[in-house]
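Below is one structure, written out as structure tokens; the observations come after it.
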Amino acid sequence: CDGNVEDCAGDCGGSAIEDCAGECNGDAVTDCSGECNGDAELDACGVCDGDETDPANCVQEGFSISFGNVDYEAGVLDVVMNNEEPVAGFQFTLSGLTVTDASGGSSEDAGFTVSSSGSTVIGFSLTGATIPPGNTTLITVSFADAGESLCIDEAILSSSAGSAFDVELGDCFDGFGC
């Protein structure tokens, strides 16, 4: 073969290779879990064999608070938190409305005690529980007296050691453009 290497098909200098099943020039491939001819695929968040289909639900780097769904007529809005580490407490102020109640979301799932008054919402655990990393609704806020522009101000997210995380705030909500 004069210095060349034979491929798996015996061709001198050929390009045939074995697939993961050991078949020369075969088409078997290894899936994301390492299984030859497996059917595991990466989900929208890059998790092998995960079930997430919406990339908006994937945990992003850092910490942020923003508006989710806003329903002026019903007087409710969702506050969405992205947190790359567990969160042991939160506090934020909403401008452009009067907060009448706050409940649900990942704060309720974690068993947090939540208090709201006027424009402020605060949540924490009396048992040391934390909200796991995620990118989902932190809490649903009921409101009255909404103006044209709603904003999240002065947000604090803290670790179980009591350290504050740097928090990026989402854009103000300026209605539906009507």
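Results, tabulated for the structure shown:
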| item | result |
| --- | --- |
| Volume per residue that the Cα convex hull of region 63-150 spans, once the total is divided by residue count, Å³ | 75 Å³ |
| Fraction of alpha-carbon pairs over 17 Å apart in region 21-97 - percent | 66 percent |
| Options Gly75, Phe143, Ser119, ranked by Cα towards positive dipole end of region 12-167, top entry (Cβ charges) | Ser119 |
| Dipole moment magnitude, nearest 20 debye, the chain about Cα centre, only Lys, Arg, Asp, Glu C-beta charged | 1320 debye |
| Computed E for Asp145/Val47 - FRET, C-beta separation, R0 45 angstrom, nearest 0.05 | 0.60 |
| Computed lengthening from Glu61 to Asp101, 0.36 nm per intervening residue step minus Cα-Cα distance | 11.4 nm |
| Cα pair distances in region 127-167, grouped into 5 Å bins until the bin that holds the longest one, percent each | 5, 12, 21, 23, 18, 10, 8, 2 |
| With eigenvalues of the C-alpha gyration tensor scaled by 5 and rooted, region 25-178, Å | 35, 19, 12 |
| Residue-wise HN-Hα coupling along region 32-49, computed from phi with Karplus coefficients 6.51, -1.76, 1.60 (Hz; x: Gly, Pro) | 5, 8, x, 8, 5, 6, x, 10, 6, 10, 6, 7, 4, 9, x, 8, 5, 6 |
| Kirkwood-Stokes translational diffusion coefficient of region 64-105, alpha-carbon pairs, 20 °C, 1.002 mPa s, µm²/s | 180 µm²/s |
| Paramagnetic label zone (point 7 Å from Cα along Cα-to-C-beta, Asp153; backbone N under 20 Å) in region 68-112 | 68, 77-80, 90-102 |
| Potential lengthening between Ser163 and Asp39 on full extension [0.36 nm per residue; Cα-Cα distance subtracted] | 40.4 nm |
| For the chain, built as a Gaussian network whose Cα springs stay under 10 Å, the top-fluctuating residue of Asp11, Asp71, Asp101 | Asp11 |
| Average accessible surface area per residue within the chain, 1.4 Å rolling probe, Å² | 57 Å² |
| Surface share of carbon and sulfur [accessible, 1.4 angstrom probe, percent] for region 61-140 | 45 percent |
| Residue list for region 83-107, given a label point 7 angstrom along the Cα-to-Cβ vector of Asp171 and an amide N cut-off under 20 Å | 94-97 |
| ³J(HN,Hα), Karplus 6.51/-1.76/1.60, whole Hz, each residue of region 55-72, x for Gly, Pro | x, 5, 8, 6, 5, 9, 5, x, 9, 8, 10, 8, 7, x, 5, 10, 10, 4 |
| Chymotrypsin sites (Phe, Trp or Tyr not before Pro) restricted to DSSP loop in region 149-178 with at most 12 other C-beta within 10 Å | Phe176 |
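The values are calculated or read from the model by the stated rules, or taken from the named source; none is laboratory data. Since the structure is predicted, the reported quantities are computational estimates derived from the model, not experimental observations. Don't worry about glycine lacking a Cβ; one is built from the backbone with ideal geometry, like all the others, and counts go over all protein chains shown. Accessible surface is based on the protein model in full, side chains and every heavy atom, while ligands, DNA and RNA are left aside. Shrake-Rupley method; radii C 1.70, N 1.55, O 1.52, S 1.80 Å.
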